[in-house]
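The values are calculated or read from the model by the stated rules, or taken from the named source; none is laboratory data. These figures come from a predicted structure and were not determined experimentally. Here the Cβ positions follow ideal geometry from the backbone for every residue, glycine too, while neighbour counts run over all protein chains shown.
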Amino acid sequence: MARTVDLHGLRIRSDVPLEGPAAGGDGTDLVVRLRDPAPVGGHDLAGTVLAEHRLPAGGGYALVADWDAVRLVVPRVCSLALGEGRIDVRADPSAPVDLVGLLVGGAGLAAWLTLSGAPVLHAAAVSVDGTALVVAGPSGAGKSTIAARMCADGAALVTDDLLRLDLGEGVWCHRGTRAVRLRRRAFALADGLDGAQRRPTVDHRLAASFPHHPAPQLPVGAVIVPRLAGEDRLVIRRLGGSDAVVALASATRIQGWRDPQVLRRSLHQWRTVAARVPVLELSAPWRRLAEPGLLETLASAVRSGAAP
Amino acid sequence: MALRIRDHLAYEVLDGEAVILDLDAARYYSLNRTATCVWQAIAAGDDLRSAARALASRFEVGDDRAVADAQSLAGELEALGLLVSSE
């Protein structure tokens, strides 16, 4: 049965379960329809490849434009046809429905938003004193761990995995999912999180729910880019100029873009973000990211403007 | 020698530092301030001599030093495939 949710600034009516608060009122910005299942093959696709991301262990996705649609293809899981105001989903008969939902809500929405012109980061975000602290970076950087730690310290969750930005005036972000999805190495962190509801996910992670930021949009206070380091200390420094822009460009939710129009537009967007909000590099060993008090450490660094 | 920026590149400048994007390879390059000064001069259609003058003026270095630096930087950018001869 279809359900309408508020996610990333969109009212989405979806046949596929999406992790987001129920939307009140009328009207939709995006309709996600589940079509009849059909086998979804590999990466050998006809059409123009707009983006492609292959994982070392197999899997990944490709975004392909053919004569009648742009499709996000996840081999042996689903194929999403992205159109104006719609995403049509064809699931492989062997794919778990929860996995299809995860992909639609993650890569599917990210691709749809990016093609619509929105800057989309691979990021988690929490709110502190009415502004967002964004944690951005590639997979495995520690984003969800840091966000969970900050929520346990008292911040409200804005989103995990995908963050849509608005660059009209300043830098604003949109509220997304209500849970962080922790990898196995962070399960022990989840055990110690008071007040967090926990459940296993179809991709072998642990979803930990936290109080959600109450407003659908809020201004971005800073972007934090984690860098796992061997030295046993926590170092925060502000990135300037080209380093800040490249750090943001390396943290896009959809990887492997080849389309020149998207690449060019994104570069300009990341330059705009870096010009308007501080981008801070957080260097630490992983275990330091899970220590209580991280929220105050990062908030204090943002207030002080962290030395470059 | 006249140089120009290669086709299929995009770039942005922030705090005097350029980020160059190779649209064909989807690869990023970062330039420091002196390299960005040379880059911007060439992007504006200046030759290396004019780029050297811009360096000398902006960073308050002697002309000989500026010429040497501009030639060295241009050579590196050309070796990376970001600049090409326009002759």
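Of everything in region A:243-260 that is more than 9 Å from every other protein chain (Cβ to nearest Cβ) and assigned to a helix (DSSP H, G or I), the residue that is surrounded by the most Cβ atoms within 10 Å (Cβ to Cβ) is A:LEU248.
From the list A:ARG227, A:ARG238, which one is surrounded by fewer than 16 Cβ atoms within 10 Å (Cβ to Cβ) and part of a strand (DSSP E or B)?
Numbers: A:ARG238 fails: surrounded by fewer than 16 Cβ atoms within 10 Å (Cβ to Cβ).
Step by step, each of A:ARG227, A:ARG238 is checked, and only A:ARG227 is surrounded by fewer than 16 Cβ atoms within 10 Å (Cβ to Cβ) and part of a strand (DSSP E or B).
When only residues in region A:156-210 that are under 15 Å from the mean Cα position of the chain (by Cα) and acidic (Asp, Glu) count, which is surrounded by the fewest Cβ atoms within 10 Å (Cβ to Cβ)? Among residues in region A:156-210 that are under 15 Å from the mean Cα position of the chain (by Cα) and acidic (Asp, Glu), the one surrounded by the fewest Cβ atoms within 10 Å (Cβ to Cβ) is A:ASP166. With respect to the conditions (1) in a strand (DSSP E or B); (2) surrounded by fewer than 19 Cβ atoms within 10 Å (Cβ to Cβ), B:ALA25 falls short on a single one, namely (1).
If the requirement is being assigned to a helix (DSSP H, G or I) and either under 25 Å from A:ALA275 (Cβ atoms) or away from chain A (no Cβ under 14 Å) (or both), which of these qualifies: B:GLU12, B:GLU76?
On the way: B:GLU12 fails: assigned to a helix (DSSP H, G or I).
From the options B:GLU12, B:GLU76, the qualifying one is B:GLU76.
When B:ASP7 is tested against (1) more than 10 Å from the chain's Cα centre (by Cα); (2) within 13 Å of another protein chain (Cβ to nearest Cβ); (3) of a type outside the set (Ser, Thr, Tyr); (4) part of a helix (DSSP H, G or I), only condition (4) is not met. When region A:206-253 is examined, which residues are found to be closer than 30 Å to A:GLY24 by Cα and at pLDDT 95 or above? Correct list: A:GLN217, A:LEU218, A:PRO219, A:VAL220, A:GLY221.
Test B:ASP63 against the stated conditions and say whether it is within 14 Å of chain A (Cβ to nearest Cβ), without any contact (Cβ under 8 Å) to a residue 40 or more places away in the chain, surrounded by fewer than 18 Cβ atoms within 10 Å (Cβ to Cβ) and touching a helix residue (DSSP H, G or I) at 6+ places or on another chain (Cβ under 6 Å). In short, no.
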